[in-house]
Amino acid sequence: MPTVHTVPTDYATLAAALAHADVKDGDTIQIHDTHTVSTADVTVSKQVTIKTLGSGQATISKKIIVDASNVTLTNLKLNAATQMIAVNTGKTIKSLTISYCTFDCNGQTANISNNLVYVPHTNYTSGTVFYGVFTFDNNTILQSRSSVSIQLSSTDS
């Protein structure tokens, strides 16, 4: 049975929740709407839903690295200075859902690598990286710079 875990009530940080053995695939991690994640990139290595608890949006100011299939990110404010969400290119990932999030690009510089979301299709050395369903629904993008993008493939093909 999936469990709901809360940051900072049950775990002090999102990283601590993701690393804890009690958080299993299929669980939900909810973050208080006043909570900010700003100390280190967040690696999501479990099939979880991460969402905001409350009427506002929890803020994640570092890159989210998706390292598991079937990850859902809902109602978060993302404002990292570089890539905001990136799929790990070292393994095969299936299905990613991003919905009702706010991508605030105010702190980003005009740099070709500053993708809002980077979802590569292939990796030349290991083969397929992402397959399945990519859902990007009801999101808001604020103050986008000219070279900020959603990159859905590692090549133009």
- Put 72, 34 in order of accessible area, largest first, probe 1.4 Å, and you get 34, 72
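Got a sec? What order do 137, 25 fall in by accessible area at 1.4 Å, biggest, i.e. largest, first? Mind dumping the intermediate values first?
Values: 137 75, 25 95 Å².
Descending order: 25, 137.
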- Determine the gain in length on full extension of the stretch residue 43-residue 131; use 0.36 nm per residue of separation and subtract their C-alpha separation, reporting nm with one decimal. 29.8 nm
- Rough spin-label spacing in nm, given labels placed 7 Å along Cα→Cβ, for residue 94 and residue 3: 2.6
- Note on the structure: Once the in-chain neighbours fewer than 8 apart are removed, the lysines whose Cα is under 22 Å from residue 77 read 46, 51, 62, 63
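Expressed in nm to one decimal, what extension gain is obtained for the pair residue 138 and residue 10 from 0.36 nm per residue of sequence separation less their Cα-Cα distance?
Numbers: separation 128, 0.36 × 128 = 46.08 nm, distance 2.89 nm.
Fully extending the segment from residue 138 to residue 10 adds 43.2 nm.
Of 55, 45, which has the most accessible area and how do the rest follow, probe 1.4 Å? Walk me through the numbers on the way to the answer.
On the way: 55 120, 45 65 Å².
Greatest to least solvent exposure: 55, 45.
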- Roughly what would the spin-label model give for residue 19 and residue 82, points 7 Å off Cα along C-beta, in nm? 2.0
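The values are calculated or read from the model by the stated rules, or taken from the named source; none is laboratory data. All values reported here derive from a predicted model rather than from experimental measurement. We place every Cβ from the backbone using ideal geometry, glycine too, and count neighbours over all the protein chains shown. Note: accessible area is taken over every heavy atom of the protein model, side chains too, but ligands, DNA and RNA are not part of it. Shrake-Rupley method; radii C 1.70, N 1.55, O 1.52, S 1.80 Å.
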